[in-house]
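Structure first, commentary second.
The values are calculated or read from the model by the stated rules, or taken from the named source; none is laboratory data. These figures come from a predicted structure and were not determined experimentally. FYI the Cβ positions are ideal-geometry reconstructions off the backbone, even for glycines, and counts take in every protein chain you see. Side chains included, ligands, DNA and RNA excluded: accessible areas come from the protein's heavy atoms. Shrake-Rupley method; radii C 1.70, N 1.55, O 1.52, S 1.80 Å.
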Amino acid sequence: MGDHHHGPAKGITRWLFTTNHKDIGTMYLWFSFAMFILGGTFAMIIRAELFQPGMQLVEPGFFNQMTTLHGLVMVFGAIMPSFVGLANWLIPMMIGAPDMALPRMNNWSFWILPPGFLMLASTLFMEGGAPAFGWTFYAPLSTTYAAPSVTFFIFAIHVLGASSIMGSINIIATVMNMRAPGMTYMKMPLFVWTWLITAFLLVAVMPVLAGAVTMMLMDIHFGTSFFSAAGGGDPVLFQHIFWFFGHPEVYIIILPAFGVVSQIIPAFSRKPLFGYASMVYATASIAFLSFIVWAHHMYTVGMPVAGELFFMYATMLIAVPTGVKVFNWITTMWRGALSFETPMLFCIGFLVLFTIGGFTGLMLSIAPVDFQYHDTYFVVAHFHYVMVAGAVFSMTAAVYYWLPKWSGRMYNETMGKVHFWISFIGFNITFFPQHFVGLAGMPRRIPDYALQFADFNMMSSIGAFIYGASQILFLYNVLATIIAGKKVTDEKVWDGAEGLEWTVPTPAPYHTFEVPPKLDPAHAHG
Amino acid sequence: MSVVKRISNALAAVAVLPAVALGDNQVNMSPGVTSIGAEIYDLHMLIMIICVVIGIGVFGVMFYSIIYHRKSRGVVPSQFHESTKVEVAWTVVPFLILIGMAVPATSTLLEVYDNDDAELDILITGYQWKWKYEYLDENGENVSFFSNLATPQEEIYNTDQKGEHYLLEVDEPLVIPVNTKVRFLVTANDVIHSWWVPEIAVKRDAIPGFINETWTKVPEEGIYRGQCTELCGAYHGFMPVVVHAVSREEFDAWMGSKRADKAAQVAASAVDLSLDELMTRGESVYNSQCLACHGAQGEGGVGKAIAGSAIALGDVGAHLDVGIKGVAGTAMQAYGSQLSDVDMAAVITYQRNAFGNNTGDVIQPSDVVNHKQG
Ligand code: HEM
Ligand SMILES: [Cu+2]
Ligand SMILES: [Cu+2]
C-alpha cells in the first residue's frame, strides 16, 4: 500500500464508499464466507435432526425452513458472491486494467447484498416462520399455501438479483473495454473467459427469476392466477420458468470454478493448460446447452413424451463438453512436474469429486431411470458433489492460491493440507452414503425417515459435522495468515504461476496497472 | 437398535468404510417386481458401469501422473499444450457412447408412456398430507377412501418403540389385482405431491387442477411401500403410500366389502350414539385426521387452537360448517367429503367436549346429514 496519493480512506468510510475493486472484492469474499457459515449452521441443524429416526430437535415445519434457507443462503449468499469477489480482485489484475469499468455501480452491487440477506434471515422471526417451500419454491406451496413472510422472501430475491445483474454488467463492460493493449480475447486467462460467459448467463436468466417471483407476488396479493389452475393458470408453468433460470444457474455456479481450476492446475504442473482453445469452446457450448435442458428437473410432471425425449437428449449432450474439460485438465497434469501445495490438493479433490458428480448427472439425465432417482437423496448427493466438491472446493483452492498475493503473507501449508484432508474425508463420509439411501428409496426434504435408512443417515451426519468443523480451521488459517503470516515479497509467489496478476508487487498495491502493462508475446494466455 | 449401538455401528462404518456398513443395508436401486422396473434397473446398471469404467480410465491416468510426474522426482515438465486430433477423438467417442445409451433409454421411456388398454382406472388425489384413492366404475358406482399414515405419534416422538414399518404404514392401503394393467390418474387437491412406489417403479407428480396418467401391471402378490416425493408442506415426510397387490378373487371380494361398507355407512348415519361412543370414536378420528395441525392437546400449530376456540365453544352450526366446508384459502380442508357422517359427528362432538371445552353438546350423525342438506 505504498502509494500515499491514492491510498485507501481511513476508517469505516473506506469500506462504505469504496470504489476500489480490491476493497470490494475483499468485502464480497468476507460476506460470502459469513453466509457460508450461516448456511452451514442451518445444515448442521438439518443433519442433527436426521442423525436418528424420529423427531428429536425441531418440528417438521421448522425443518423445512432450515432446508429452504440452507439452499437459498448457500446458492445466493455463499457461492455466487464468493466468485464475484474473486472476479473483482482478479479480473482487472489479469487483463491489466486499473479497476472495474463501473466502480460506483460496483460499490452499489455489493452494498445492497447485506440488507437483502438481512431481510431473508429476518423471516425466521416472523409470524408463521421463514419460507418453508424449498430453495426451488414450487407454486402453489410458495403462493397460496405459504407463510406471510413469502413477501419478504420475494423482495429479497429481487435485491439479490439486482446485485447479480449489476455485478455481471460490470464484468462484461470491464472485459470488453479494459483489456491492456495486446490482450486479445484468445489470450485472456481462462478464469476471465469463464467469468465473461457466466456474466452473460446471469444477465440472461436473473430477470427470468425476477419475473417468476413477481408473478408469485401478483398471485399472492393481487388476485392473479398465473400458477393456479382454478383461475386458468398452471402450477407447472412455475417450474418451467424457475428451471429456465435454475439450470443456467447451476452453470453460473460452476463455470467460474472451472476457470479457477484452469489457472491453478497448470501452475502446479509447471506446464501450460492443455487445449486452451477447446476449453473456451467447451465453456461456450455448455453455456448454450444450459438454456435448452431445463426440463430435466421435471421429468415426472407429466410432459408429453416428445418433450421428455428432447430434454433427455439435450441433457446427455452436456456430458460431451464437460468431459472435454476433465480430459484437458488431466492431460495438463500429464508429464508435468507436479507438486501438491494446498491449492493443488483442492483442485485434485475437485477433479475427482466433480467428475463423480458429472457421472451421476449423466445417470440422472436418462429420463426413465430418473423416475426412480427424482427427488430422492441420490439427487442430493449429485448436486453436492458438483456444488460443494466442485464450486466450494475450487473457491477454497482459489483463496489459498491468491491469498499470498493479496495479503503479502504466506498461509501455514501444513494447516492447509490438514484442512484439505479433513474436508475431503468429511465431505465423502457425508455425501457418498446419500447415493445409497437415495437408491434404496429415501425421498429428499423429509425430517424423519424409515428405519432401513438409519445407518447411512447417521454416517452422513457424522461426516457433516467433520466437514463443518474443518471450516473453522480454514477461518483460523486465513486470519492467522493475514495477521501474522510469514511475509512474502516475490512477485511470483508460486514458481509455476503465470499471468499478469503475478507481475505486480506482493502484496498487490491498492492501485495496479494505472499504466497498462506491456504484454510479453511469449506468454500467451497465462 | 439402541442409540449407542447405532452410533458405534456408524463409527465402525466410517472407520472401516463401506464393507461393514453395507452388510445389511440396501445400497442399490431395486429392480422391483414389474417388467418396467427391471428394465429401468438394467438401464441404471448399464450407465453406472459405463461411468465406472470411464472413471477408472480417467482417474487411472490422473493417479499415474500424480505418482510418476511429480516435481520431487526431479522430472522436467514437458511443454506440449495442444493436439487437435486428441480433442476431436475425445469429443467424438463420448458422443458415440451417448448414442449407445440413448437407444435403450428411448425404448424404455416409450413403454412407460404407453397408458393404453388399462383394465382398471384408479384416481389418486394428493391432499396435505394423505392420499385419496377412488376406483372409477363404469356405472358411476365409484368406491373411494382416504389413506392416512398409521404410525402413532408416540413412535415419531420417541416415547414408544418404533415398529418395523415405521412411517411406511397406512390405515387403508391401495388394493390392486395382480396381472392386471392398472391405470393411475394422478392429481392433487391443494399443493403438488408426487406418488411413488419404488418396487413397482411408478412415480408421477400430483398437480392440482391437472390429471397425469401412468400405469402398472404387478405380477406378484405382495405389499409395496413408498412415499410422497414432492415437498408438500410441513408433514410431507408423513404421507406414505402402501399398495397391496392381491389375486383377482381377493380383489373382487375386497371390492364387494367396500361397497357393502358404503351402504352400511348410510344406514349408520340414521342411528343415534351416546356421548361416550361419540367421544371414543371422535378421539381416534381427531388423532388420525386433525392432530397434525391442531395439536395433541388442541393447542393449535398449523391450525388454530381448538381448546378454548370461539368456534368450538360457540354455535354448533358454525362449527359443523368449518368441519364440513373447511376454510377457503387456508390449510383447513373441507372434511365433508373425507369423513363419514358418523366420523364427522364424532369428531365435532369430541372437539366440543375435549381439551377443557366442556360444552356438553352431543352432535348426532343425523345432525350432520341435516346440516349438509342445509
Ligand atoms: C454432466 C453434467 C450434469 C448433468 C448431465 C446434470 C443433470 C442433472 C439432472 C438430470 C438433474 C435432475 C435430477 C432430478 O431432480 O431428478 C440434476 C439436478 C441438479 N443438478 Fe445437475 N447435472 C450436471 C451437472 C451439474 C452441475 C455442474 C451443477 C452445479 C454446480 C449441478 C447442480 C444440480 C442441482 C443443484 C440439482 C438439483 C436441483 C434441485 O432439485 O434442488 N448439476 N442434474
Ligand atoms: Cu439442471
Ligand atoms: Cu409430499
Practice item. Would you point out which residue out of B:276, B:252 is charged (D, E, K, R), open to solvent by 10 Å² or more (accessible area, probe 1.4 Å) and outside the structural domain of residue B:167 (by TED's automatic domain parsing)? Key: B:276
**Study point:** Members of the stretch A:346-381 found to be more than 9 Å from chain B (Cβ to nearest Cβ), more than 7 Å from ligand 1 (Cβ to nearest atom) and surrounded by fewer than 23 Cβ atoms within 10 Å (Cβ to Cβ), listed by number
**Key:** A:349, A:353, A:380
Exercise for review: Return the residue satisfying two criteria in turn: it lies in the stretch A:145-181 and is in a loop (DSSP other than H, G, I, E, B) and away from ligand 3 (no atom under 16 Å from the Cβ), and of such residues it is surrounded by the fewest Cβ atoms within 10 Å (Cβ to Cβ).
Suggested key: A:181
**Study point:** Residues located in the stretch B:79-117, provided they are more than 9 Å from chain A (Cβ to nearest Cβ) and outside any helix (DSSP H, G or I)
**Key:** B:114, B:115, B:116, B:117
Revision key, fill the gap. Within the stretch B:301-329, restricting to residues that are within 20 Å of residue A:144 (Cα to Cα) and of a type outside the set (Lys, Arg), the one that is most open to solvent (accessible area, probe 1.4 Å) is B:328
**Study point:** residue A:515, sole failed condition from (1) free of Cβ contacts under 8 Å to residues at least 24 places away in the same chain; (2) closer than 27 Å to residue A:392 by Cα; (3) open to solvent by 10 Å² or more (accessible area, probe 1.4 Å); (4) of a type in the set (A, V, I, L, M, F, W, C)
**Key:** (2)
Revision key, fill the gap. Among helices (runs of 4 or more DSSP H) entirely within the stretch A:330-444, at least 3 residues that are of a type in the set (Val, Ile, Thr) occur in A:342-365, A:377-386, A:413-440
Point to revise | Test: residue in the stretch A:334-342 that is more than 9 Å from chain B (Cβ to nearest Cβ), away from ligand 1 (no atom under 15 Å from the Cβ) and not aromatic (Phe, Trp, Tyr) | key: yes
Point to revise | Condition met for residue B:174 (farther than 26 Å from residue A:228 by Cα, within 7 Å of chain A (Cβ to nearest Cβ) and among the aliphatic types (A, V, I, L, M)) | key: no
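Just name the residue that is nearest to residue A:332 (Cα to Cα) out of those in the stretch B:67-78 that are assigned to a helix (DSSP H, G or I) and facing another protein chain (nearest Cβ under 8 Å). Walk me through it before giving the result.
We begin by selecting, within the stretch B:67-78, every residue assigned to a helix (DSSP H, G or I); these are B:67-68, B:71-73.
Checking which are facing another protein chain (nearest Cβ under 8 Å) leaves us with B:71-72.
Values: B:71: 14, B:72: 18 Å.
Ranking the candidates gives B:71 first.
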Practice item. With the condition kept exactly as written, say whether any residue in the stretch A:59-67 is under 18 Å from the mean Cα position of the chain (by Cα), aromatic (Phe, Trp, Tyr) and crowded, with 24+ Cβ neighbours inside 10 Å. Key: no
Exercise for review: Being under 22 Å from residue A:353 (Cβ atoms), open to solvent by 30 Å² or more (accessible area, probe 1.4 Å) and more than 25 Å from the chain's Cα centre (by Cα) narrows it down to one of A:465, A:432, A:456, A:436, so name that one.
Suggested key: A:436
Point to revise | Cross-chain or 6+ apart pairs with Cβ under 8 Å, the stretch A:289-308 first and under 11 Å from residue B:109 (Cβ atoms), then more than 10 Å from ligand 1 (Cβ to nearest atom) and not basic (Lys, Arg) | key: A:299/A:308; A:305/B:109; A:305/B:110; A:305/B:113; A:308/B:109; A:308/B:113
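Conditions tested, residue by residue: (1) under 21 Å from residue A:458 (Cα atoms); (2) hydrophobic (A, V, I, L, M, F, W, C).
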| site | (1), (2) |
| --- | --- |
| A:45 | yes, yes |
| A:50 | yes, yes |
| A:69 | no, yes |
| A:79 | no, yes |
| A:82 | no, no |
| A:92 | no, no |
| A:95 | no, yes |
| A:99 | no, no |
Study note, to complete from the structure: Just one listed residue, out of B:84, B:106, B:91, is crowded, with 17+ Cβ neighbours inside 10 Å, farther than 30 Å from residue B:170 by Cβ, modelled with pLDDT under 95 and not assigned by TED's automatic domain parsing to the domain that holds residue B:168, and it is B:91
**Study point:** Among (1) more than 30 Å from residue B:122 (Cβ to Cβ); (2) part of a loop (DSSP other than H, G, I, E, B); (3) touching a residue at least 60 places away in the same chain (Cβ under 8 Å) - the single one residue B:308 does not satisfy
**Key:** (3)
Practice item. Give A:290, A:225, A:278 a once-over and let me know the one that is open to solvent by less than 10 Å² (accessible area, probe 1.4 Å), more than 16 Å from ligand 3 (Cβ to nearest atom) and of a type in the set (Ser, Thr, Tyr). Key: A:290
Revision key, fill the gap. Among (1) more than 12 Å from every other protein chain (Cβ to nearest Cβ); (2) aromatic (Phe, Trp, Tyr); (3) open to solvent by 70 Å² or more (accessible area, probe 1.4 Å), residue B:64 falls short only on (1)
Practice item. Please verify whether the stretch B:145-160 includes one or more residues that are more than 16 Å from ligand 3 (Cβ to nearest atom), surrounded by fewer than 21 Cβ atoms within 10 Å (Cβ to Cβ) and assigned to a strand (DSSP E or B). Key: yes
Study note, to complete from the structure: Taking the stretch B:196-214 and keeping only residues that are among the hydrophobic types (A, V, I, L, M, F, W, C) and surrounded by fewer than 21 Cβ atoms within 10 Å (Cβ to Cβ), one is left with B:210, B:211
Check your understanding: Listed residues A:236, A:280; which is within 13 Å of chain B (Cβ to nearest Cβ), β-branched (Val, Ile, Thr) and over 23 Å from the mean Cα position of the chain (by Cα)?
Key -> A:236
Revision key, fill the gap. Inside the stretch A:412-468, the number of residues satisfying the requirement of being under 14 Å from residue A:379 (Cα atoms), free of Cβ contacts under 8 Å to residues at least 40 places away in the same chain and more than 7 Å from chain B (Cβ to nearest Cβ) is 1
Practice item. Would you check if there is a residue in the stretch B:231-250 being over 16 Å from residue B:120 (Cβ atoms), assigned to a strand (DSSP E or B), within 16 Å of ligand 1 (Cβ to nearest atom) and not hydrophobic (A, V, I, L, M, F, W, C)? Key: no
**Study point:** Residue identified as on the phi > 0 side of the Ramachandran plot and surrounded by 23 or more Cβ atoms within 10 Å (Cβ to Cβ) among A:96, A:11, A:54
**Key:** A:96
**Study point:** Single unsatisfied condition, residue B:164 versus (1) closer than 30 Å to residue A:280 by Cα; (2) open to solvent by 40 Å² or more (accessible area, probe 1.4 Å)
**Key:** (1)
Revision key, fill the gap. Of the listed residues (A:241, A:292, A:264), the one being within 16 Å of ligand 2 (Cβ to nearest atom) and within 26 Å of residue B:90 (Cβ to Cβ) is A:292
Revision key, fill the gap. When restricted to B:40, B:7, B:99, B:49, the only residue under 26 Å from residue A:451 (Cβ atoms), at pLDDT 95 or above and β-branched (Val, Ile, Thr) is B:40
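For (1) within 11 Å of chain B (Cβ to nearest Cβ); (2) under 30 Å from residue B:61 (Cβ atoms); (3) at pLDDT below 95, each residue gets a yes or a no:
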| residue | (1), (2), (3) |
| --- | --- |
| A:253 | no, yes, no |
| A:262 | no, yes, no |
| A:266 | yes, yes, no |
| A:294 | no, no, no |
| A:297 | no, no, no |
| A:312 | yes, yes, no |
| A:317 | yes, yes, no |
